[in-house]
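Worksheet: the structure to be examined is printed underneath.
The values are calculated or read from the model by the stated rules, or taken from the named source; none is laboratory data. From a predicted model like this one, the values you see are computed outputs, not experimental measurements. Virtual Cβ from ideal backbone geometry, glycine too; neighbours counted across all protein chains shown. Ligands, DNA and RNA are stripped out before the accessible areas are found, and what is left, the full protein with its side chains, is counted by its heavy atoms. Shrake-Rupley method; radii C 1.70, N 1.55, O 1.52, S 1.80 Å.
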Amino acid sequence: MNTLDQFIAGCMSNYDPDALPVDDARRIAAGYVVPLAGVERVPLTAALDRVLAEDIVSPINVPAHDNAAMDGYAVRAADLAVPPAASSGASAPITLRDIGTALAGHPYAGAVGRGECVRVMTGAVMPAGADTVVIQETCRTVAQADGTSTVLVAKPPARGENVRLAGEDLARGRAVLTTGCRLRPAQLGLIASLGTGEVSVRRRPRVAFFSTGDELASIGEPLAAGQIYDSNRYTLHGMLTRAGVEPIDLGVVRDDPASLRATLQSAAAQADAIITTGGVSVGEADHIRALMADLGEVAFWKIAMRPGRPMAFGRIADAAFFGLPGNPVAVMVTFYQFVQPALARIAGQSAANLPPPLRVPSRETLRKRPGRTEYQRGILSRDADGQTRASLTGQQGSGVLRSMAEADCFIVLEHERGDVAAGDLVTVQPFEGLQ
Ligand code: AMP
Ligand code: MG
């Protein structure tokens, strides 16, 4: 028994490579691959979408000082409770003396004493003695004959209101981000707010890929009888780039054992993972099986899914290997369901970062056979009632790439599920995330 077979046996008790549930295949693939060890230091501007290779601990308080959250007057809360003018009645406004101004980046040098206030703009450091900001909309300023002004507070706020405390965003010594986090725009800004300009990130995985098939022509070649243009290498190039890995395009390889062997060996020598498309369906797989067994360890699966039933998985030398089906839609579905999570693990990303699916009502009736997971191509749109619903993009054949191009989500119909009635909730995986 080779190590792949042992690993699979350890993952599940009733393993059937000819009817493998999607979740088990995903678990095996992501569990079998290993994270890369390499780390590099990069400036923040080059760190977008990279995977953090260190824990980031805040060396400072953010914000560094208590500061005003609104435009208004910095006051002592004690002065708001008891009006300083002894003669005031119950409903009389509180009167404070305006002694100066603090702007963001320009603090007030003195302190706020009893019955005093300082004009503050948002972001200004709170002057000494003041603990509360009265927003300007609830005050009235009255100019005095001696050139000073008095502030009348109509609606006193509670103590501490409209003040951002030092360390409120991040306290010094606090763990801010942990290793394995993929850096998105918010994380870049968060690291910058600590005054840190460089981070340690994992090396980007190198992923070699090629298409197999005697019928494939490359762009620029005329189409001979029975030929089609190779589209899979272009969707793969796009998906790999989006996944944050370094793509290595090895072109089209004929269905010929000698060429396949040479290309697989070259791929394994230069890449951390290898992706092929085509050649794993029942009729074609036989001569590849022997080849793979010789070069590494590969399991041939029929996954209980649609589209994308046949798939091969394992390793060639030290590179993870994904043998995807040839059909263009099946390539995309199997990439997103199996390859992308495994690449995230190879890249060192912690699994917690993967986005959760949505549940929305289906706009129409969907036909579905229990016993396999289906990835139908859908479009999300919002109705006048404010509810987002999913509809199909039309023809759903696994070779119809147009269905992917028109879609903005997968409608995932789970293994046990049967037909879906209009209005039933369905699981949806949107193609695009905000960050
Ligand atoms: P296979 O898995 O090799 O049997 O291929 C299944 C179907 O996908 C066949 O109709 C192929 O012609 C088609 N196909 C395979 N590879 C590609 C490719 N690189 N680009 C477009 N279509 C392909
Ligand atoms: Mg083929």
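For segment 1-36, a tally of residues being in contact (Cβ under 8 Å) with a residue 12 or more places away in the chain and in a loop (DSSP other than H, G, I, E, B) returns 10. Of the residues Gly296, Gly308, the single one that is over 17 Å from Thr241 (Cα atoms) and either open to solvent by 30 Å² or more (accessible area, probe 1.4 Å) or within 16 Å of ligand 2 (Cβ to nearest atom) (or both) is Gly308. The sole residue among Asp49, Asp79 that is outside the structural domain of Ala299 (by TED's automatic domain parsing), open to solvent by less than 30 Å² (accessible area, probe 1.4 Å) and either over 30 Å from Ala186 (Cα atoms) or in a loop (DSSP other than H, G, I, E, B) (or both) is Asp79. More than 13 Å from ligand 2 (Cβ to nearest atom) and surrounded by 21 or more Cβ atoms within 10 Å (Cβ to Cβ): does that describe Ile275? Criteria met by Ile275. All conditions in (1) within 15 Å of ligand 1 (Cβ to nearest atom); (2) in contact with a Leu (Cβ under 7 Å, 6 or more places away or on another chain) hold for Ala285, with the sole exception of (2). Is it the case, given these coordinates, that Ala186 is in contact (Cβ under 8 Å) with a residue 40 or more places away in the chain, open to solvent by 50 Å² or more (accessible area, probe 1.4 Å), assigned to a helix (DSSP H, G or I) and more than 30 Å from Gly296 (Cα to Cα)? Yes.
Residue pairs whose Cβ atoms lie under 8 Å apart, sitting 6 or more positions apart in sequence or on different chains, and linking a residue in segment 409-425 that is farther than 23 Å from Arg26 by Cβ to a partner that is in a loop (DSSP other than H, G, I, E, B), are Asp419/Thr365; Asp419/Arg367; Asp419/Lys368; Ala421/Thr365; Ala422/Arg363; Ala422/Glu364; Ala422/Thr365. With respect to Gln270, is the statement that it is open to solvent by 30 Å² or more (accessible area, probe 1.4 Å), closer than 19 Å to Phe313 by Cα and not assigned by TED's automatic domain parsing to the domain that holds Leu44 true? For Gln270, the condition - open to solvent by 30 Å² or more (accessible area, probe 1.4 Å), closer than 19 Å to Phe313 by Cα and not assigned by TED's automatic domain parsing to the domain that holds Leu44 - is met. Among what's in segment 336-356 and is closer than 23 Å to Arg402 by Cα and surrounded by fewer than 23 Cβ atoms within 10 Å (Cβ to Cβ), pick the residue that is farthest from ligand 2 (Cβ to nearest atom). Of everything passing the filter in segment 336-356, Gln340 is farthest from ligand 2 (Cβ to nearest atom). Kindly establish whether Ala208 is within 16 Å of ligand 1 (Cβ to nearest atom), outside the structural domain of Ile94 (by TED's automatic domain parsing) and open to solvent by less than 30 Å² (accessible area, probe 1.4 Å). Judged against the criteria, Ala208 is a match.
Which of the residues spanning segment 387-435 are over 18 Å from Arg367 (Cα atoms), open to solvent by 30 Å² or more (accessible area, probe 1.4 Å) and not in a loop (DSSP other than H, G, I, E, B)? Answer for segment 387-435, where residues must be over 18 Å from Arg367 (Cα atoms), open to solvent by 30 Å² or more (accessible area, probe 1.4 Å) and not in a loop (DSSP other than H, G, I, E, B): Thr388, Arg402, Ala405, Glu406, Gln429, Pro430.
If you filter segment 95-146 down to residues that are more than 22 Å from Gly167 (Cα to Cα) and of a type in the set (Asp, Glu), you find that the one that is most open to solvent (accessible area, probe 1.4 Å) is Glu137. Of the candidates Ala158, Ala143, Ala128, the single residue that is under 44 Å from the mean Cα position of the chain (by Cα) and free of Cβ contacts under 8 Å to residues at least 60 places away in the same chain is Ala128. Of the candidates Gly195, Gly220, Gly283, Gly226, the single residue that is open to solvent by 60 Å² or more (accessible area, probe 1.4 Å) and outside the structural domain of Asp18 (by TED's automatic domain parsing) is Gly195.
Could you tell me whether Thr196 is in contact with an Asp or Glu (Cβ under 8 Å, 6 or more places away or on another chain), farther than 30 Å from Pro328 by Cβ and either within 16 Å of ligand 1 (Cβ to nearest atom) or among the polar types (S, T, N, Q) (or both)? No; evaluated as a whole, the condition is false for this residue.
Only one of the numbered conditions (1) modelled with pLDDT under 95; (2) not in a loop (DSSP other than H, G, I, E, B) is not met by Tyr375, and that is (1). Quick one: which residue in Arg315, Arg309 is in contact (Cβ under 8 Å) with a residue 12 or more places away in the chain, among the charged types (D, E, K, R) and more than 24 Å from Leu36 (Cβ to Cβ)? The match here is Arg309.
Inspection of segment 372-393 identifies at least one residue that is over 15 Å from Gly308 (Cβ atoms) and in contact (Cβ under 8 Å) with a residue 40 or more places away in the chain. Would a scan of segment 233-251 turn up a residue that is within 16 Å of ligand 1 (Cβ to nearest atom), open to solvent by 70 Å² or more (accessible area, probe 1.4 Å), part of a loop (DSSP other than H, G, I, E, B) and in contact with a strand residue (DSSP E or B) (Cβ under 9 Å, 6 or more places away or on another chain)? Among the residues of segment 233-251, not one is within 16 Å of ligand 1 (Cβ to nearest atom), open to solvent by 70 Å² or more (accessible area, probe 1.4 Å), part of a loop (DSSP other than H, G, I, E, B) and in contact with a strand residue (DSSP E or B) (Cβ under 9 Å, 6 or more places away or on another chain), which makes the answer no. Restricted to strands (runs of 3 or more DSSP E) entirely inside segment 105-178, no element has at least 3 residues that are assigned by TED's automatic domain parsing to the domain that holds Val51 and under 15 Å from Asp79 (Cβ atoms).
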